[in-house]
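Written out below as structure tokens is the structure these notes cover.
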Amino acid sequence: MALVTINEKKYEIDVDPDMPLLWAIRDAVGLTGTKYGCGKGLCGACTVLVDGKPVRSCLTSVATVNGSQITTIEGVHNENKVLQEVWQEIDVPQCGYCQSGQILSAVALLKENSKPTDEDIDGAMNGNICRCGTYHRIRKAIHKTAAIMNSKTE
Amino acid sequence: MHKIQLVTRRNFIKSIGLASGGLIIACSIPASKEEETKLKSFNGTTFEPNLFIQLKDNGELILLASRSEMGNGVRTSLTSVIADEMDADWSLVSVKQATGDTKFMDQNTDGSRSIRYLFEPMRVMGATARAMLISGAAAKWGVDASTLTTAKHYVIDPETNKKLFYGDLVKEASEVPVPENPTLKEAKDFNYIGTNLKSIDGKDFTSGKPKYGMDIKMEGMLFAAVARCPVTFGTVKNYDKSATLKIDGVKDVIELPRVAKPFGPLGGVVVIATNTWAAFKGKEALNVEWDYGTNEQYTSASYNEMILENVKKKGKEVRSDGNVNSAFKNAEHIVESTYQLPHLVHAPMEVPNATAWVHDGKCDVWAPVQDPQTTRSEVVSYLETNEENVTINVTFLGGGFGRKSKPDFVLEAVAISKKVNAPIQVVWTREDDIQHSYYHAVSAQYMKGALDKDGRVTGWLHRVAYPSITSTFAPDTGYGAGFEFSQGLSNMPYQIENVRCENAKAPAHVRIGWLRSVYNIIQGFSVNVFVDELAAKTKKDPLQFRLDMLSKDVVIEDPSGYHFESSKLKNVLSLAAKNANYGKDLPQGHGLGIACHYSFFSYVASVVEVSVIDNALKVHNIHSVIDCGTAVNTNTITAQMEGAAIFGLSLAYYGKITAKGGVIEQSNFHDYQMLRISNAPNINVEIVKSNSKPTGVGEPGVPVIAPALINAIYNATGKRYRSLPLTDEGLV
């Protein structure tokens, strides 16, 4: 039994403690925005925030997140609504499948670094594969989000 | 109303419907189908002039997307065409996804032809609704319909300035006859067509809402993972399921026989569980003894040598103009090269998966399929039932690239559901996806060119060997088919007097299928690299060399009605060069490379800028130009061209599937790598303004990228690479 908060809602997850968080979120909790891509932490499609940090949920067992605060794509508006809106405005997604992971990695980057350079973006986003090839727009969207957020705080 | 359907030269190709050459467009529609697209009875609140349009009395407009959404933006582009002709307010539009049904015209989302096939029919759908709304308003006002006009969800009487909201006309519009030939707009009056319209699903995409195949959940549903033989078409000898059955959540282990059809399940041992993870774990714990069968002989290293030998010998004639032998005899210079490209796999981010429930004589499917009609007919055939008993619900597709037009994974779910009598969700692991696909063909090519003393190309010999897609559908002859040759071999664009194209033998040992751009990847590569090699031999600039070989403005007619115009290819070449500032001074170690290709009836040229410093390759910029006729959605076209550039770089950098003893050696993203953001260049896209009929967008951007990259590396380093991927060369 793991007690977790997902998107500000409390859950008691009664599954095999070895079950990866990805499958617990999808099959037990029923939130399907978090995606399976590789099962080996190679593609980033399953990225969620655990206590604010980006984590590959396909490699993270339920037992290790007991007591944690988890944010999935369904709760991303609580974390960074600006980024979500910029993502729509630039129309980043193509098929959309990897975008949950891309968005959560980007949210985590902007938490740590309010003015990321291209190199910073490469560093933070290199674990997230997009087969459709939306990288160009992802980069643009992160820069634009940073600019809007900075203009608001200045 | 016309139905546009495919008529192919060879019947067995019909079901796979490849887009390129060899296909003829015919217009016909059976009477019964025509009835179905016409007026349905009025239910009191909704106007439904045809199957694609539902207008509610509150003004809400629900438009049907008949093609699959896999990143191609088709839910937005197709429906925007209807909305435009209808003069609808886009903010009141929502999109409903069609199930697989022949009444929706051809739904095969493949071959870069959704817009090409459906642009005119969707215009007619919208124009029909608009004409009926006008007639309804005319009846209400008691005026002549021809005096009325429309704008943004209103019928307007310009005389009186009176307006009627579309939603307030649902009853009246439903009572007028369906017009036979509604007037279509002139291009200058388009509101949405030709604009930069964002995806109608953008909000959902950024909040985790769209339902992809695996996101379907239902009461009593069980999850299945399938252990398939590591060698294509091998079979189960026996298996030990005891360790699997001990895993918490595993319910059962059953055997699934192969169905020996093009899209039949491969068969294997199935683990049924209460969640995906237990099914995956249970599969890993199985101990299966396989009979590998004849494909165990397939080892890429020796096979690739064999097909390379085959292209060095005379092959079957595909095209012959003039006399290449005398051209070679009289040549000032001869250039010869061989090119080798490996198998590729689609690897969409969403693995193959399907949910099926066979119950009470019916079968309901939810799956990410590119071709829901073929999926339906395959399920009907498997269950030996009738079409009306089978419903194919099309989910969002997490990428397709051709993989998801082969519904073998759906048939697995159907077969298992039937056997266990419960709703079943089959999910492939990434390893399953990489190791049991329908692979893009491995290839070897030989090219020989003759140059005269002025550096003009007088002879061109191009010999190809690759396993054919037809081997998946019919007994393998070892030779290719016309629709494969017409993807850049037999229709290479240059004006040369003596041309000979030949096909050498290459049998198939895995399932061969189509992958984004198909054989254009192979032939677009060799032709573009070889042209650069010829240019280098003559010390001419590769751009000018190409333009010289396209000097005459010729039109090569095609039975499809889409004719090749050499001037359009020249135009995209010149524009790409201009946008890239081709000829500019470059820093040491930098180089520009150019390539052009005509595929899916569209013209594309790209210029790639690289640097190679200390043997490390970096792609800085890509400038791509496309002429795809009428541009329906410039945002989508730009996105597809951006994505095509990344797809092309991915295959050039890393793409390689190999077999050893019949077993695919790659298994996941660590050894079948994808380009990542740190290697993604700046990409600039220009769309040529055109009033021609719309042509392909999803695929034509891919074939130019790898050869332009190779040519750029040559210009940066003086070294010519003739095989891919570059990771084998230590450059990436």
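Each reported figure results from applying straightforward, stated rules to the coordinates on display, with no laboratory input. Because the structure is predicted, anything quoted here is derived from the model rather than measured. Backbone-built Cβ (ideal geometry, glycine too); neighbour counts: all protein chains shown.
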Once you charge only the Cβ atoms, +1 for Lys and Arg and -1 for Asp and Glu, what is the size of the charge dipole of the protein assembly as shown about its Cα centre, to the nearest 20 debye? 1300 debye
Just to verify a number: FRET efficiency for B:Ser574 and B:Val554, C-beta to C-beta distance, R0 = 22 Å, to 0.05? 0.80
Most packed first (mean Cβ within 10 Å per residue), the peptides A:40-52, B:493-505 order as A:40-52, B:493-505
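Find how much the distance from B:Asp57 to B:Thr160 grows on full extension, using 0.36 nm per residue of separation minus their present alpha carbon separation; answer in nm with one decimal. It would help to have the intermediate numbers written out before the result.
Working: separation 103, 0.36 × 103 = 37.08 nm, distance 2.38 nm.
Gain on stretching B:Asp57 to B:Thr160: 34.7 nm.
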Cα radius of gyration and Dmax for segment B:545-638 (Å): 15.6, 51
What's the lysine pair count for segment A:1-138 at a Cα cut-off below 28 Å, pairs eight or more apart or interchain? 20
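Where nothing but the Cβ of Lys and Arg (+1) and of Asp and Glu (-1) is charged, how large is the charge dipole of segment B:545-613 around its Cα centre, in debye to the nearest 20?
Values: 6 positive and 7 negative charges, 33 e Å.
For segment B:545-613, the charge dipole is close to 160 debye.
Taking only the Cα atoms of segment B:370-490, how large is their convex hull per residue, in Å³? Write out the running numbers ahead of the final one.
Values: hull volume 20.6 nm³, N = 121.
Roughly 170 Å³ of hull volume per residue.
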Between B:Thr385 and B:Glu665, what is the FRET efficiency for a Förster distance of 35 Å, r being their Cβ-Cβ separation, to the nearest 0.05? 0.30
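Sequence gap at least 6, Cα distance under 8 Å: using those rules, report the relative contact order of chain A to the nearest whole percent.
On the way: 261 pairs, mean separation 36.5, N = 154.
In percent, rounded to a whole number, it is 24.
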Report the label-to-label distance for B:Thr294 and B:Met218 in nanometres (one decimal), using points 7 Å from each Cα along the Cα→Cβ vector. 4.0 nm
Reachable lysines from B:Lys329, Cα under 21 Å, same-chain residues fewer than 8 places away excluded? B:Lys312, B:Lys313, B:Lys314, B:Lys448, B:Lys453, B:Lys537
Would you be so kind as to identify which of B:Trp366, B:Ala224, B:Thr355 lies farthest towards the positive end of the dipole of chain B, taking Lys and Arg as +1 and Asp and Glu as -1 on Cβ and the Cα centre as origin? B:Ala224
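Starting from 0.36 nm per residue, how many nanometres of slack lie between A:Glu119 and A:His143 once their C-alpha separation is accounted for?
Numbers: separation 24, 0.36 × 24 = 8.64 nm, distance 1.18 nm.
Fully extending the segment from A:Glu119 to A:His143 adds 7.5 nm.
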Give the peptides B:266-273, A:85-92 in descending order of average Cβ contacts within 10 Å, highest first. B:266-273, A:85-92
I want the local charge near B:Ser417. Using Cβ-Cβ distances under 12 Å, sum +1 for each Lys or Arg and -1 for each Asp or Glu among the other residues. +1
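Given the Cα-Cα distance of B:Lys211 and B:Asn581 and 0.36 nm per residue of separation, how much length would full extension add, in nm? Display every interim value, and only then the final one.
Values: separation 370, 0.36 × 370 = 133.20 nm, distance 4.39 nm.
Gain in length upon complete extension: 128.8 nm.
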Just from its helices, what would the mean residue ellipticity at 222 nm be for the protein assembly as shown, if runs of 4 or more DSSP H residues each count -39500 (n - 2.57) and the sum is divided by every residue, rounded to the nearest 500 deg cm²/dmol? -8500 deg cm²/dmol
Using the Cα centre of the protein assembly as shown as origin and beta-carbon charges of +1 (Lys, Arg) and -1 (Asp, Glu), tell me which of B:Ser606, B:Val250, A:His143 is placed farthest towards the positive end of the dipole. B:Ser606
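Semi-axes of the equivalent ellipsoid for chain B, please: Cα gyration tensor eigenvalues, times 5, square-rooted, ordered largest first, whole Å. All intermediate terms of the calculation are to be shown ahead of the outcome.
Numbers: eigenvalues 361, 269, 98 Å².
Its equivalent ellipsoid spans semi-axes of 43, 37, 22 Å.
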Estimated dipole of segment B:483-551 in Debye, rounded to 20 [Cβ of Lys and Arg +1, of Asp and Glu -1, Cα centre]: 200 debye
Give the share of C-alpha pairs in each 10 angstrom bin for the protein assembly as shown, from 0 to the last occupied bin, in whole percents, shortest bins first. 2, 12, 21, 25, 21, 13, 5, 1, 0
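Looking only at other chains, what is the average number of their beta-carbon atoms within 10 angstrom of each beta-carbon in B:211-219? List each step's numbers first, then the result.
Numbers: counts 1, 7, 0, 6, 6, 1, 4, 0, 0.
The mean count of partner-chain Cβ atoms within 10 Å per residue comes to 3.
With N residues in segment B:206-255, what two-decimal value do you get for its Cα radius of gyration over 2.2 N^0.38 Å?
Numbers: Rg = 15.8 Å, N = 50, 2.2 N^0.38 = 9.7 Å.
Dividing the Cα radius of gyration by 2.2 N^0.38 Å gives 1.63.
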Rounded to the nearest 0.05, what FRET efficiency do B:Ala301 and B:Thr235 give with R0 = 25 Å and r taken as the Cβ-Cβ distance? Could you check? 0.45
On the Cα set of segment A:52-154, report Rg and Dmax in Å, please. 13.6, 41
Here the residues of segment B:454-497 lying in the modelled label zone of B:Ser692, meaning backbone nitrogen under 20 Å from a point 7 Å along Cα-to-Cβ, are B:486-496
Per-residue Cβ counts within 10 Å, from other chains only, averaged over B:274-285: what number is that? 4
For segment B:412-553, just list the percent of Cα-Cα distances falling in each 5 Å bin from zero outward, please. 2, 9, 16, 16, 13, 11, 10, 8, 5, 4, 3, 2, 2, 1, 0, 0
Kirkwood-based Rg over Rh for segment B:141-269 (C-alpha set), two decimals? 1.30
Going Cα to Cα from B:Lys362, which aspartates and glutamates come in below 12 Å? Please leave out same-chain ones fewer than 8 positions away. B:Glu384, B:Glu387, B:Glu388
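Order of B:378-385, B:126-133 by packing, highest average Cβ count within 10 Å first? The partial results should precede the final answer.
On the way: B:378-385: 18.0, B:126-133: 26.6.
Sorting B:378-385, B:126-133 by mean packing, highest first, produces B:126-133, B:378-385.
Per residue of A:10-21, how many C-beta atoms from partner chains lie within 10 Å of its own C-beta, taken as a mean? It would help to have the intermediate numbers written out before the result.
Numbers: counts 0, 0, 0, 0, 0, 6, 7, 0, 3, 7, 3, 0.
For peptide A:10-21, the averaged partner shielding equals 2.
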